[in-house]
Amino acid sequence: MLEAQMEVTVDELKGLVSQRAIDGETMILNMGPQHPSTHGVLRLLLELDGETVVSCVPDIGFLHTGIEKNMEAKTYEKALVMTDRMDYLNNLGNNLCYCLAIETLVELDVPPRAQMVRVLLTELTRIASHLVWLGTHALDLAAMSVFLYTWREREVLLDIFEMCSGQRMMTSYFRPGGIWRDLPSGFEEAVQQFIDLFPDRIEEYENLLTENPLYIDRTKGIGVISSSQALEIGLTGPNLRATGLPFDLRKTRPYSGYEQFDFEVPTASNGDTYDRYIVRMEEMRQSLRIVQQALVKMPEGPFRSDNRKFVPPPRSELGHSMEAVIHHFKLWTEGFSAPKGAVYIPVESPRGILGCYLVGDGGPMPRRVHFRTPSFANLQALPMLAKGHLVADLVAIISSLDPILGDVDR
Amino acid sequence: MSSAKTSLAALQQELEDRVLDSFEFRNQITAVLLPDSIVDACEFLRQRDFDLLIALTASDHWPEEPRFEIVYQLYSTQTDALLGISVFLDGEEPHIQSIDAIYPNANWHEREVFDMFGIDFPGSSDLRRIIMPHDWEGHPLRRDYPLGYEEVQFTFNFDEIDQRKKYAKD
């Protein structure tokens, strides 16, 4: 009975693992979807020779919620809500990508104030995402204090998001044409407070990790990849920049006004786990620079486009304008229509390139929405990175790639 | 932008009439190719300087024919050129040659397209379902696949639906 079960298992795996596993020389271990160190519901089939990983086969799909199919059944604006939930640490970044795609497709203008707010909040989201990465990465390597400190900083950021949109995480604050509502009073003070306190906090994290011999021992030389290998396997974002290639879509293909900002793109040269850490730490500093500049340069003006064919009128207008009522009605029942055609908009998320492929068919619901998510593409590199390392190193490699399973599975 | 245009021109010269159409929409360039020419096109563009396959996805135009549209987006990190390639496939046994020998990162994207649309990629190094469970039947993102809500059981059709409803019955 037991033998029959074993045979079935080995048959399924015949193409995936090496002959040594089928012979019984190496062990196949399941690092199941429920695991504290896999950063979500990631299942890994590990072929182990002792404690060394011979091959690693990722099995994903445990967090698949059919976001792309569901978006085809909702109007453009209502489908926006689903984008927050893909990469759930980069909510505003996902909103931005989808909104840019809609705006490109229907040729909708975005006022400068909205663009500046979008950049500011997207960079704060990037900092929040890197804080989670830092905390969970350190936690995987048993540095628990860092985890608790980063969550403390993140509370300040989540308070800022709550102040703007009412929601801590799933904000849906960016809408086609601009932002949902104007910035609340108290926003500038809150962001300034964060800008003042954060540089010291980054120093604190660096004091704990950067020159820590335990940390260096566990991360230097682990999971090394070269830039050409990285591009071949589709690795983007800080993972690619750690190999030496200074490629950042905010610089090469600026969107939403990023060309007005003065910031650097940090790189490192070895492409190992330690370098990925260094790049992300520096990215937090550069994001803070952008936030500072955005706060100073914030222009006055409308916060959303006034093209009533796409943007609902403010409630105050509904009392005295018939056109406003009609637009409100049409937009909230049927929704605006997009022309026939397809656009692909790539943006830089904290994990890499996030692209939205949006197909319109003349109706109010998108024909097809596909998100090229960075975590899905980055996770493909895991088998290559993990070969020959110990299981403990595998944990460090997974966390340094920074996969978010909502992003991977959608 | 201009680099995408010059690359498109070079591609048209290289492949001649296997490039069926090309157009620009919202400042983005797309070339429509014959399905057999995708490998040659990718090899040519890879040598040019399109070093990153940034997206590989599909779109279902059911009930129109040709039913499936496979979309490739190639990007050059050196020159910031984004070139889209579209290939149209019929609904009956859709298949297209895999490009994962040229762009290894195409593998997982092709697996996703196979899983969600049922398009075969002969020549792929590893074609299995990636997101749905390995023994799932059907291809979810096809237009004729239901969005999947639960059937409402009233008293008159309770038993009928109960027979075909999937749950632990014993």
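For A:Arg304, indicate whether it is more than 14 Å from chain B (Cβ to nearest Cβ) and within 30 Å of A:Pro266 (Cβ to Cβ). It is false that A:Arg304 is more than 14 Å from chain B (Cβ to nearest Cβ) and within 30 Å of A:Pro266 (Cβ to Cβ). For segment A:21-47, which positions are charged (D, E, K, R) and either part of a loop (DSSP other than H, G, I, E, B) or modelled with pLDDT under 85 (or both)? Those that are charged (D, E, K, R) and either part of a loop (DSSP other than H, G, I, E, B) or modelled with pLDDT under 85 (or both): A:Asp23, A:Glu25.
In the set (1) surrounded by fewer than 19 Cβ atoms within 10 Å (Cβ to Cβ); (2) under 30 Å from A:Asp23 (Cβ atoms), the condition left unmet by A:Asp109 is number (2).
If the Cβ limit is 6 Å and pairs must be 6+ apart or interchain, which residue in segment B:50-71 that is over 18 Å from B:Met116 (Cα atoms) pairs with which residue that is at pLDDT below 90 and hydroxyl-bearing (Ser, Thr, Tyr)? Qualifying pairs under 6 Å: B:Asp51/B:Thr77; B:Leu52/B:Thr77.
Let's see how each residue does on (1) among the basic types (Lys, Arg); (2) facing chain A (nearest Cβ under 10 Å):
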residue: B:Trp108; (1), (2): no, yes
residue: B:Ile119; (1), (2): no, no
residue: B:Ser124; (1), (2): no, no
residue: B:Trp136; (1), (2): no, yes
residue: B:His139; (1), (2): no, no
residue: B:Arg142; (1), (2): yes, yes
residue: B:Tyr145; (1), (2): no, yes
residue: B:Glu150; (1), (2): no, no
residue: B:Asn157; (1), (2): no, no
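Just one of the numbered conditions (1) within 14 Å of another protein chain (Cβ to nearest Cβ); (2) more than 30 Å from A:Ile225 (Cα to Cα); (3) surrounded by fewer than 20 Cβ atoms within 10 Å (Cβ to Cβ) is not true of A:His328: (1). Filter segment A:158-201 for residues that are part of a helix (DSSP H, G or I) and small (Gly, Ala, Ser); which is nearest to A:Pro302 (Cα to Cα)? Top of the filtered list is A:Ser165. Does A:Ala294 satisfy being of a type in the set (Gly, Ala, Ser), more than 14 Å from chain B (Cβ to nearest Cβ) and either buried (at least 23 other Cβ atoms within 10 Å of the Cβ) or on the phi > 0 side of the Ramachandran plot (or both)? Yes; evaluated as a whole, the condition is true for this residue. Residues in segment A:285-319 that are among the aliphatic types (A, V, I, L, M) and in contact (Cβ under 8 Å) with a residue 60 or more places away in the chain: A:Leu288, A:Ile290, A:Val291, A:Ala294, A:Leu295, A:Met298, A:Val311. Taken over segment A:257-276, residues that are buried (at least 24 other Cβ atoms within 10 Å of the Cβ) and either free of Cβ contacts under 8 Å to residues at least 40 places away in the same chain or within 28 Å of A:Arg118 (Cβ to Cβ) (or both) amount to 2. Just one of (1) closer than 30 Å to A:Ala396 by Cα; (2) under 16 Å from the mean Cα position of the chain (by Cα) trips up A:Arg118, so point out which. Of the numbered conditions (1) closer than 30 Å to A:Ala396 by Cα; (2) under 16 Å from the mean Cα position of the chain (by Cα), the odd one out for A:Arg118 is (1).
Per the conditions (1) under 15 Å from the mean Cα position of the chain (by Cα); (2) at positive phi; (3) more than 10 Å from chain B (Cβ to nearest Cβ), the sole criterion not satisfied by A:Arg410 is (3).
Residue-wise test of (1) hydrophobic (A, V, I, L, M, F, W, C); (2) more than 30 Å from A:Gln229 (Cβ to Cβ); (3) touching a Pro at 6+ places or on another chain (Cβ under 8 Å).
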position	(1), (2), (3)
B:Tyr103	no, no, no
B:Gly118	no, yes, yes
B:Pro133	no, yes, no
B:Gln163	no, yes, no
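Considered as a group, the residues in segment A:63-78 that are in contact with a helix residue (DSSP H, G or I) (Cβ under 7 Å, 6 or more places away or on another chain) and in contact (Cβ under 8 Å) with a residue 40 or more places away in the chain include one that is nearest to the other protein chains (Cβ to nearest Cβ), and that residue is A:His64. Just give me the residues in segment A:338-391 being crowded, with 24+ Cβ neighbours inside 10 Å and polar (S, T, N, Q), in sequence order. Once the filter is applied, which keeps residues that are crowded, with 24+ Cβ neighbours inside 10 Å and polar (S, T, N, Q), segment A:338-391 yields A:Ser349, A:Thr373, A:Ser375, A:Asn378. Just so you know, in segment A:307-325 the residues that are among the charged types (D, E, K, R) and loosely packed, with under 12 Cβ neighbours inside 10 Å include one that is farthest from A:Asp361 (Cα to Cα), and it is A:Arg315. Could you please let me know if B:Pro104 is crowded, with 18+ Cβ neighbours inside 10 Å, in a loop (DSSP other than H, G, I, E, B) and within 10 Å of chain A (Cβ to nearest Cβ)? When the stated conditions are applied, B:Pro104 passes them. The single condition from (1) assigned to a loop (DSSP other than H, G, I, E, B); (2) free of Cβ contacts under 8 Å to residues at least 12 places away in the same chain that A:Pro339 fails is (2).
The values are calculated or read from the model by the stated rules, or taken from the named source; none is laboratory data. Treat the numbers as computed from the prediction; the structure is a model and nothing was measured. Neighbour counts are summed over all protein chains in view; Cβ atoms, including those assigned to glycine, are modelled from backbone coordinates with ideal geometry.
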